[in-house]
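The values are calculated or read from the model by the stated rules, or taken from the named source; none is laboratory data. In this text the structure is predicted, and so the values were computed from the model without any measurement. Glycine gets a Cβ as well: all are built from the backbone with ideal geometry, and neighbour counts include every protein chain shown.
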């Protein structure tokens, strides 16, 4: 009771025009807040914020290790425009994201809708679907390389059983990226779990009201579930796009960017520039370009979808 | 009673402490990127070497081969590169030219090194600016590998030291099979459903200089191969020969590694889908481990003028420029490249061929395949490190591999592809050129 009063007093103060002084309980909570975020804050400053600033600084330099970095102005950024592989890797990354994000959201939502209903074995099914999300990416990638082996793999053997001559999968220029997108869906369990949690928050009386109005399953989903899931879809859309633009493990382990650069994504190209070609300054410029592109894309997502999000109780 | 003055006692103690400290062995760090199999034999051998050298203690820092560049770059950036680094020949120049290592041949302990004992091809990537910057320990020359069972089934005599590229081509056509068992010379042959290839590859990347030299041409226009003349008429003729092997004879692959052409990822010969092809000596160990392919090797094919050309890969030990103990590090490198150590550590298990003539014979083991093991030493004598090996080589490879595939596949007219390859390579390697 005391806590509740304190919280109300503490949060209400700025709005009530009584100054920003907090009550003792709120001040205590504030202290705890700062104390508890100190480890994260330190981690962010030293392991993310610091390196981020260092990468931005490096992008304006030529740094042929072990020689000291040399300031080159915007030379690295100017070189991006002349580099055909930068354009190719950017297009590939967009292709991967455009393929994976919508399908990942759709499959995650579909699985959540199916596994939301209390049926026998549903918990086991949820666990099985989520399991790949906690397994090693490298191990999974190697496993899939066998499944999609054009000559010996399970995928083509199954297709052959129904008379289909399977494609070259990861070894075909046309099929390599679709195959990677297909593999990306393997980690869709995270989307499913978030959707499941969101579905739990949809008030059942809304479904009952819709049912009384004669709405079938599709209309209940279209007019009740889907609008109320829109904040979560928006969140997952942003997080999935961020993740897709950072794709590295499957391209590094399975294709190395091939065949013929068909799966060369920006993060892999960035890695190759840094650690294979030893061009750290240029790699940093690629990282900054990637950051800027993802930042703009996220901003665009906010602009495009923010007003279409329906929050329960928002009127 | 005789009393020692306290001041003298302190001096004696200082002297003793100083003497004791002077006897302390120097601690050296050695970073290597090896396969688990290589490490299994290298680690105990290094322990023995360490015990035999009281002047230093070696801390081995093994790094998985795939992570070697990341680790080494991180250590370079931090200024903590290990005293001695085992480095790939193809990657060495990038580090040497940037001053990561000490010029080994300028160190005192180097004078005793018998450079004539090393195969000539293995020293090349470690030379720069009139100095030698690393000493090689091993090499892996390309040999002609062939699948004996496929030759037997086709009734064709095995390759031998007298075979030329034309002999290879004739056999490759007869050894290529489609899913129905037809060869390219049979009426019903279907080139879209080939299941067995006569030759594992074609002219598929710019490190295959030897396949051009085989026809009396050379696309390297300078000693370091940083200037390309891929449009030279001799090069065009050689490239046409290889393109015909793929497009006309259907007996060679345009993509030996990605698998796009056959659906077999990795090496087709090792997968049992090719009858013959060039491969590094390291494949001997892999094939012997598999034990599923009845194979043998032959010396590199005879080319124009009766000459053999073959590439080799090599590894060597370099001393970090930041090492505080360069002389002791030099002693360690000398021990690691001593003929006895090379013979017992590298020759015996057959992972790679010792880089010194006096130790290379240790790789011969008649109790295991292949039969023609003398071919290995023949290849070592003629082997040259992959050219170019300068800092921009990997980037140049990345930019041109696709062009080679399109050229061999016929997606780009051959002359046009070669002109584009020449332009890209000359642009990419421009910074590597010696003024």
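Residue B:318 meets the stated requirement of being closer than 17 Å to residue B:115 by Cα, touching a strand residue (DSSP E or B) at 6+ places or on another chain (Cβ under 7 Å) and within 14 Å of another protein chain (Cβ to nearest Cβ).
Within segment A:199-237, the set of residues being within 21 Å of residue A:129 (Cβ to Cβ) and under 18 Å from the mean Cα position of the chain (by Cα) comprises A:229, A:232, A:233, A:235, A:236, A:237. Of everything listed in (1) within 13 Å of chain B (Cβ to nearest Cβ); (2) surrounded by 19 or more Cβ atoms within 10 Å (Cβ to Cβ); (3) under 30 Å from residue A:116 (Cβ atoms), the single unmet condition for residue A:187 is (1). Screening residue A:301 against (1) within 10 Å of another protein chain (Cβ to nearest Cβ); (2) surrounded by fewer than 22 Cβ atoms within 10 Å (Cβ to Cβ); (3) farther than 19 Å from residue A:83 by Cβ leaves a single unmet condition, (1).
Scanning segment A:201-221 for residues that are surrounded by 13 or more Cβ atoms within 10 Å (Cβ to Cβ) and part of a helix (DSSP H, G or I) gives A:206, A:207, A:209, A:210, A:211, A:219, A:220, A:221. Within the set B:292, B:322, the sole residue that is touching a residue at least 12 places away in the same chain (Cβ under 8 Å) and either farther than 28 Å from residue B:150 by Cβ or buried (at least 23 other Cβ atoms within 10 Å of the Cβ) (or both) turns out to be B:322. The conditions of being in contact (Cβ under 8 Å) with a residue 60 or more places away in the chain and in contact with a helix residue (DSSP H, G or I) (Cβ under 8 Å, 6 or more places away or on another chain) are met by residue B:309. Within the set B:277, B:272, the sole residue that is within 14 Å of another protein chain (Cβ to nearest Cβ), more than 22 Å from residue A:258 (Cα to Cα) and in contact (Cβ under 8 Å) with a residue 12 or more places away in the chain turns out to be B:272. The lone criterion from (1) under 26 Å from residue B:357 (Cβ atoms); (2) free of Cβ contacts under 8 Å to residues at least 40 places away in the same chain; (3) touching a helix residue (DSSP H, G or I) at 6+ places or on another chain (Cβ under 8 Å) left unmet by residue B:127 is number (3).
Criterion first (touching a helix residue (DSSP H, G or I) at 6+ places or on another chain (Cβ under 9 Å), modelled with pLDDT of 90 or more, part of a helix (DSSP H, G or I) and over 17 Å from residue A:141 (Cα atoms)) does residue A:182 satisfy it? Before you say what the answer is, go through the steps one by one.
Values: touching a helix residue (DSSP H, G or I) at 6+ places or on another chain (Cβ under 9 Å): yes; modelled with pLDDT of 90 or more: yes; part of a helix (DSSP H, G or I): yes; over 17 Å from residue A:141 (Cα atoms): no.
The answer is no for residue A:182.
Applying the criterion of being more than 11 Å from every other protein chain (Cβ to nearest Cβ), without any contact (Cβ under 8 Å) to a residue 12 or more places away in the chain and part of a helix (DSSP H, G or I) to the residues of segment A:58-104, the residue that is nearest to residue A:280 (Cα to Cα) is A:78.
Specify the residue that is surrounded by the most Cβ atoms within 10 Å (Cβ to Cβ); the eligible residues are those in segment A:140-172 that are within 25 Å of the chain's Cα centre (by Cα) and within 12 Å of chain B (Cβ to nearest Cβ). Top of the filtered list is A:170.
The condition of being free of Cβ contacts under 8 Å to residues at least 24 places away in the same chain, closer than 30 Å to residue B:427 by Cα, more than 14 Å from chain A (Cβ to nearest Cβ) and not in a strand (DSSP E or B) does not hold for residue B:239. Annotation note: of B:102, B:115, the sole residue that is more than 10 Å from chain A (Cβ to nearest Cβ), touching a helix residue (DSSP H, G or I) at 6+ places or on another chain (Cβ under 8 Å) and buried (at least 19 other Cβ atoms within 10 Å of the Cβ) is B:102. Condition check for residue B:394 on (1) surrounded by fewer than 22 Cβ atoms within 10 Å (Cβ to Cβ); (2) over 22 Å from residue B:35 (Cα atoms); (3) within 14 Å of chain A (Cβ to nearest Cβ): one failure, at (2).
Would you check if there is a residue in segment B:414-430 being within 14 Å of chain A (Cβ to nearest Cβ), within 17 Å of the chain's Cα centre (by Cα) and either within 27 Å of residue B:220 (Cα to Cα) or buried (at least 19 other Cβ atoms within 10 Å of the Cβ) (or both)? Taking every residue of segment B:414-430 in turn, none turns out to be within 14 Å of chain A (Cβ to nearest Cβ), within 17 Å of the chain's Cα centre (by Cα) and either within 27 Å of residue B:220 (Cα to Cα) or buried (at least 19 other Cβ atoms within 10 Å of the Cβ) (or both). Which residue is farthest from residue A:225 (Cα to Cα), if the candidates are limited to segment A:105-124 and must be assigned to a helix (DSSP H, G or I) and without any contact (Cβ under 8 Å) to a residue 60 or more places away in the chain? Ranking the qualifying residues of segment A:105-124, first place goes to A:124.
Is it the case that some residue within segment A:272-285 is more than 14 Å from every other protein chain (Cβ to nearest Cβ) and over 16 Å from the mean Cα position of the chain (by Cα)? Lay out the reasoning, then the answer.
Applying the first criterion (more than 14 Å from every other protein chain (Cβ to nearest Cβ)) to segment A:272-285 yields A:285.
Restricting the remaining residues to those that are over 16 Å from the mean Cα position of the chain (by Cα) gives A:285.
Looking through segment A:272-285, at least one residue is more than 14 Å from every other protein chain (Cβ to nearest Cβ) and over 16 Å from the mean Cα position of the chain (by Cα).
Would you check if residue A:290 is more than 13 Å from chain B (Cβ to nearest Cβ), under 17 Å from the mean Cα position of the chain (by Cα) and buried (at least 20 other Cβ atoms within 10 Å of the Cβ)? Break it down stepwise before answering.
Details: more than 13 Å from chain B (Cβ to nearest Cβ): yes; under 17 Å from the mean Cα position of the chain (by Cα): yes; buried (at least 20 other Cβ atoms within 10 Å of the Cβ): yes.
So residue A:290 passes the test.
On the basis of being away from every other protein chain (no Cβ under 14 Å), touching a residue at least 40 places away in the same chain (Cβ under 8 Å) and closer than 30 Å to residue A:254 by Cβ, does residue B:230 make the cut? When the stated conditions are applied, residue B:230 does not pass them. Kindly establish whether residue A:216 is within 14 Å of another protein chain (Cβ to nearest Cβ) and either at pLDDT below 90 or closer than 30 Å to residue A:311 by Cα (or both). Judged against the criteria, residue A:216 is not a match.
Can you tell me which residue among B:171, B:149, B:223 is closer than 22 Å to residue B:310 by Cβ and either part of a helix (DSSP H, G or I) or more than 28 Å from the chain's Cα centre (by Cα) (or both)?
The match here is B:171.
Look at (1) more than 23 Å from the chain's Cα centre (by Cα); (2) at pLDDT 90 or above; (3) not in a helix (DSSP H, G or I) and you find that residue A:314 fails only one, number (2).
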